[in-house]
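Novice: Have a look at this one before I ask anything.
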Amino acid sequence: MRLYYNGQALTEDIHFEDHIEHAVPIQIYEENAHYDIGFVERYDGSHVIVNQTRYPRSRFHFVSRPGY
């Protein structure tokens, strides 16, 4: 696993894969407002699924929250 720091932006597929594999939570933002936090269940080129909700990668920002 790559080392992720708290608040690091997640933009690449490998980032989401690492977070699934190692059960590292992520935080989701819409613009600058906190929207949700949880574990990545699945992802594809256009969405990330967290807490059974599909978040469009083009609309939301995702950051790593190790240790949360």
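The values are calculated or read from the model by the stated rules, or taken from the named source; none is laboratory data. Fair warning: this is a prediction, and the values are worked out from it, not measured in the lab. Neighbour counts run over all protein chains shown; Cβ positions are idealised from the backbone, glycine included. Calculation scope for accessible area: heavy atoms of the full protein, side chains included, ligands and nucleic acids excluded. Shrake-Rupley method; radii C 1.70, N 1.55, O 1.52, S 1.80 Å.
Novice: Counting other Cβ atoms within 10 Å, which trypsin sites (Lys or Arg not before Pro) in the chain have at most 12 and lie in a DSSP loop?
Specialist: ARG2, ARG59
Novice: Mind putting a number on the dipole of segment 16-68 about its Cα centre? Charges go on the C-beta only, +1 for Lys and Arg and -1 for Asp and Glu, and I need it in Debye to the nearest 20.
Specialist: My answer is approximately 120 debye.
Novice: Mind listing the long-range amide H neighbours of GLU41? Cut-off is under 5 Å, sequence gap 5 or more, other chains count too, H placed in the peptide plane at 1.01 Å from N.
Specialist: ILE49, VAL50, ASN51
Novice: Counting only helical runs of four or more DSSP H residues, what would the 222 nm mean residue ellipticity of the chain come to if each run contributes -39,500 (n - 2.57) and the total is spread over all its residues?
Specialist: Values: 1 runs with 9 residues, N = 68.
So the helix-based figure for the chain works out to -3500 deg cm²/dmol.
Novice: For percent of Cα pairs over 18 Å apart, which listed value, (i) 23; (ii) 34; (iii) 31, comes from the coordinates shown?
Specialist: Of the labelled values, this structure produces (i).
Novice: Return one whole number: the accessible area per residue of the chain in Å², for a 1.4 Å probe.
Specialist: 63 Å²
Novice: Let me ask something else. Give me the net charge of ARG59's neighbourhood, meaning all other residues with Cβ under 14 Å from the Cβ of ARG59; Lys, Arg count +1, Asp, Glu -1. Provide the component values of the computation, followed by the final result.
Specialist: Values: positive: ARG54, ARG57; negative: GLU30, GLU31, ASP36.
Result for the local shell: -1.
Novice: TYR29: net charge of surrounding residues, Cβ under 13 Å, Lys/Arg +1, Asp/Glu -1, itself excluded? Before the final figure, lay out the partial values.
Specialist: Details: positive: ARG57, ARG59, ARG65; negative: GLU30, GLU31, ASP36.
After counting each charged neighbour, the total is 0.
Novice: Given a Förster distance of 30 Å, report the FRET efficiency between TYR5 and GLN52 from their Cβ-Cβ distance, rounded to the nearest 0.05.
Specialist: 0.65
Novice: Carbon and sulfur: what percent of the chain's accessible surface (1.4 Å probe)?
Specialist: Carbon-and-sulfur percentage of accessible area, whole number: 47.
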